[in-house]
Amino acid sequence: RAPERAAFESGVYDTSTFTQNPDGTWNDQIAHTPGSRYWIPTFDQTFKAFYYDPNRYGDGLDGYWMFPNRSNTPPVAGPPGIGTTNVGNGTFGPYMSSGLYPDITTPWGLLDASGGAVEWTESLYSDHFRTRYYMGSAAGTDPAFIPFFDRADWFNPGADPVVGYGFRVASLVPSPGAYIVGACALSCAPRRRRQRRGA
């Protein structure tokens, strides 16, 4: 490969590893390069950013919510002012703006954890096929599935097709062991199935 191309191949992920074998398996780099400033968050990082609240049961009493809206009650599908999530709002058009529900956030202040996108994580569901876990619901998700897709105790393996998928970007912040999960990118694909997480 040309030296100019090689100079841009290795960063957070080494794109020279993005190759496929004759049997259909992939060789892409599994995890972001150590020391990276930005990366696609792991399943655990995304899960914590969506559901973990350091003050869940009171000041300094941490725990997890069932849904990513700081509640054990699922978000309500509907346009801003009526609902609390973009889920089911595909009739608004093929694309949805982010941040339409500024008062509906995760405990860490993240917007659109429900109805933004079915979010791809860095964590592998299958090492052999390099499929990765997805989380959450998208604007094109049927509202009937909100109580399932957005729950903390359900998950979606990356082998399933999805209805609108993307990813967030994580970054270190200047405090010990902390990170932040940022912007979400959207695209479209068919509906996907869910599977219950094991106990």
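The values are calculated or read from the model by the stated rules, or taken from the named source; none is laboratory data. Everything numeric in this text was worked out from a predicted model, so none of it was measured. Heads up, the Cβs are rebuilt from the backbone with ideal geometry, glycines too, and the neighbour counts pull from every protein chain shown. The accessibility values were calculated without ligands, DNA or RNA, using every heavy atom of the protein model including side chains. Shrake-Rupley method; radii C 1.70, N 1.55, O 1.52, S 1.80 Å.
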Item to complete: Sort out which residues of region 97-123 are over 17 Å from residue 145 (Cβ atoms), modelled with pLDDT under 90 and not small (Gly, Ala, Ser), and write them in order of number.
Response: 100, 120
Fill in: Verdict on residue 88 being in contact with a strand residue (DSSP E or B) (Cβ under 7 Å, 6 or more places away or on another chain), part of a loop (DSSP other than H, G, I, E, B) and at positive phi
yes
Discussion item. Condition first: in contact with a Leu (Cβ under 6 Å, 6 or more places away or on another chain) and crowded, with 24+ Cβ neighbours inside 10 Å. Now tell me which residues in region 100-143 satisfy that.
Written reply: 117
Worksheet entry | Set 33, 73, 19, 42: member being open to solvent by less than 40 Å² (accessible area, probe 1.4 Å) and polar (S, T, N, Q) | 42
Discussion item. Among the numbered criteria (1) under 17 Å from residue 39 (Cα atoms); (2) open to solvent by 20 Å² or more (accessible area, probe 1.4 Å); (3) in a loop (DSSP other than H, G, I, E, B); (4) at pLDDT 50 or above, which one does residue 185 miss?
Written reply: (4)
Response to the item:
Given (1) within 21 Å of residue 80 (Cβ to Cβ); (2) modelled with pLDDT under 85, residue 150 misses just (2)
Worksheet item: Of everything in region 6-16 that's touching a helix residue (DSSP H, G or I) at 6+ places or on another chain (Cβ under 9 Å) and either aromatic (Phe, Trp, Tyr) or at pLDDT below 80 (or both), which residue is least open to solvent (accessible area, probe 1.4 Å)?
Response: 9
Worksheet item: Quick one: which of 71, 36 is farther than 18 Å from residue 112 by Cα and of a type outside the set (Asp, Glu)?
Response: 36
Response to the item:
The lone condition residue 73 fails out of (1) modelled with pLDDT of 85 or more; (2) farther than 20 Å from residue 169 by Cα; (3) outside any loop (DSSP other than H, G, I, E, B) is (3)
